[in-house]
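Colleague: Sharing a structure below in structure tokens format, with a few things to ask.
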Amino acid sequence: MNKFQLSAWLGKDGIAAWIFLAPSAVGFILFYLIPFGGGIFYSFTDSTLGGSFVGIDNYAVLLSSKSFHKAATNTLIFTGVSVPLLIILSLSLALLLNQRLPMRNWLQTSFILPLVVPVASIIMVWQIFFDWNGTLNAWMHSRQWGRIDWLQSEGSMGVLVFLYIWKNIGYNMILFLAGMQEIPTSYYETARIEGASRLRQLFHITLVYLTPTMIFVVLISIINSFKVFRETYFLAGDYPYDRIYMLQHYMNNMFFSLDIQKLTAAATLMVGCILMLVFILLAVERRFQSFME
């Protein structure tokens, strides 16, 4: 294909788009793609400088590590609990705010505010609330209940789940509201004429046509659940209570100890799991679209 055929194939708009995308694409390749490829390569060697190929030995050592097992188990439990709760609550709020309610705009703004507040400010507020001498323990003490060191107890996972939901519920709610606005009102009018109840309309119209949005929201929520390390790190430090010791803690500690092989092997496994979930969700979406057509 010569340059004239390439220009005809791309078109003027295509060439302009590639020109504008080029700086971002170069940055992505240089600072993300190439380092990630290098990390995968290092996960199969015994040293980062002049190392020799050792196959899957690093992965075998990683999978036999108790610390990795604990971190992976906690991460899976956190994702498995927090993501479904987040989806249910954000969808419920979107269904509620899709109605004509007083102070609707104020409510939407209040749920979106956690997205624009810096993480450090959020953590400061939560530390004041959950500290040993914090607001929650002071209230419990006034009721003659015992104080709880929330971040050093089995309730620490609940604190993290609550923080994750509080921070992300507004974003998911907006996505669901946008998806609902795309559903033609004529579908609901026809259903009402035919005597369909609100519950039937919810399951046979709203949730059906929200499926592409639902898949996208689930995907974003899963990815965000793997990014909860910032909040956990600010709340509890490098080595938190066992219940909230996540994969990112494990990789962060491997970085500080310069155990690059375990770090890159763990990162590769985590990215592989995320990609597998992405492919499954995209396959479900393609099947749904073909079904709707």
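Colleague: Any idea how far the Cα center of the range 148-199 sits from the one of the range 10-87, in Å?
Modeller: Between the Cα centre of the range 148-199 and that of the range 10-87, the gap is 30 Å.
Colleague: Here's something else I'd like to know. Per residue of the chain, what 222 nm ellipticity follows from adding -39500 (n - 2.57) for every DSSP H run with n ≥ 4, rounded to the nearest 500?
Modeller: -23500 deg cm²/dmol, from helical runs alone.
Colleague: Looking at the range 119-176 from every direction and averaging, what is the projected area of its Cα convex hull in nm²?
Modeller: Projected over every direction and averaged, the Cα hull of the range 119-176 covers 4.8 nm².
Colleague: Just want the answer: with Cβ charges of +1 for Lys and Arg and -1 for Asp and Glu, which residue in Ser142, Leu115, Tyr187 is farthest toward the dipole's positive end in the range 88-200?
Modeller: Tyr187
Colleague: Take every Cα pair under 8 Å in the chain that's 6+ residues apart, average their separations, divide by the length, and report that relative contact order as a whole percent. If you can, show how the numbers build up before the last one.
Modeller: Values: 237 pairs, mean separation 83.1, N = 293.
Computed value for the chain: 28 percent relative contact order.
Colleague: What's the percent breakdown of Cα-Cα distances in the range 67-148 across 10 Å bins, shortest bin first?
Modeller: It works out to 14, 22, 37, 24, 3, 0, in whole percents.
Colleague: Taking 0.36 nm per residue of separation and subtracting the Cα-Cα distance, what length does fully extending Leu89 through Phe41 add?
Modeller: 13.1 nm
Colleague: Mind putting a number on the dipole of the range 54-191 about its Cα centre? Charges go on the C-beta only, +1 for Lys and Arg and -1 for Asp and Glu, and I need it in Debye to the nearest 20.
Modeller: It works out to roughly 260 debye.
Colleague: Based on C-alpha coordinates, I'd like the Rg and Dmax of the range 195-293, in Å.
Modeller: In Å, with Rg to one decimal and Dmax whole: 19.5, 66.
Colleague: Anything in the chain that counts as a DSSP H helix reaching 27 Å or more along its axis (C-alpha) with Kyte-Doolittle mean of at least 0.0? List them, would you?
Modeller: 3-28, 66-97, 156-181, 260-292
Colleague: Quick check for you: with a 1.4 Å probe and neighbouring chains kept, what is the accessible area per residue of the range 59-217, in Å²?
Modeller: 58 Å²
Colleague: Find the relative contact order for the range 130-257 and round it to a whole percent, using C-alpha pairs within less than 8 Å whose residues are 6+ positions apart.
Modeller: Details: 70 pairs, mean separation 35.2, N = 128.
Relative contact order, the range 130-257: 27 percent.
Colleague: While we're looking at this one, here's another question. Can you give the FRET efficiency to the nearest 0.05 for Val116 and Gln152, using r as the Cβ-Cβ distance and R₀ = 30 Å?
Modeller: 0.45
Colleague: Which aspartates and glutamates, if any, have their Cα less than 20 Å from the Cα of Lys66, not counting same-chain residues under 8 positions apart?
Modeller: Straight-distance partners of Lys66: Asp57, Glu154, Asp238, Asp242, Asp259.
Colleague: Quick one: with all protein chains in place, what share of the accessible area of the chain is carbon or sulfur, to the nearest percent (1.4 Å probe)?
Modeller: Its accessible area is 68 percent carbon and sulfur atoms.
Colleague: Which value in Å is the Kirkwood Rh of the range 9-73 over different Cα pairs? Intermediate values should be presented prior to the final figure.
Modeller: Numbers: mean 1/r = 0.0661 Å⁻¹.
By the Kirkwood definition, the hydrodynamic radius is 15.1 Å.
Colleague: Related question: So how strong a dipole does the chain carry about its Cα centre when Lys and Arg Cβ are +1 and Asp and Glu Cβ are -1, to the nearest 20 debye?
Modeller: 540 debye
Colleague: I've got another one for you. Largest first and in whole Å, give the semi-axes of the chain's equivalent ellipsoid, each being the square root of 5 times a Cα gyration tensor eigenvalue.
Modeller: Result for the chain: semi-axes of 37, 35, 18 Å.
The values are calculated or read from the model by the stated rules, or taken from the named source; none is laboratory data. Because the structure is a prediction, the values reported are computed rather than measured. Virtual Cβ from ideal backbone geometry, glycine too; neighbours counted across all protein chains shown. Note: accessible area is taken over every heavy atom of the protein model, side chains too, but ligands, DNA and RNA are not part of it. Shrake-Rupley method; radii C 1.70, N 1.55, O 1.52, S 1.80 Å.
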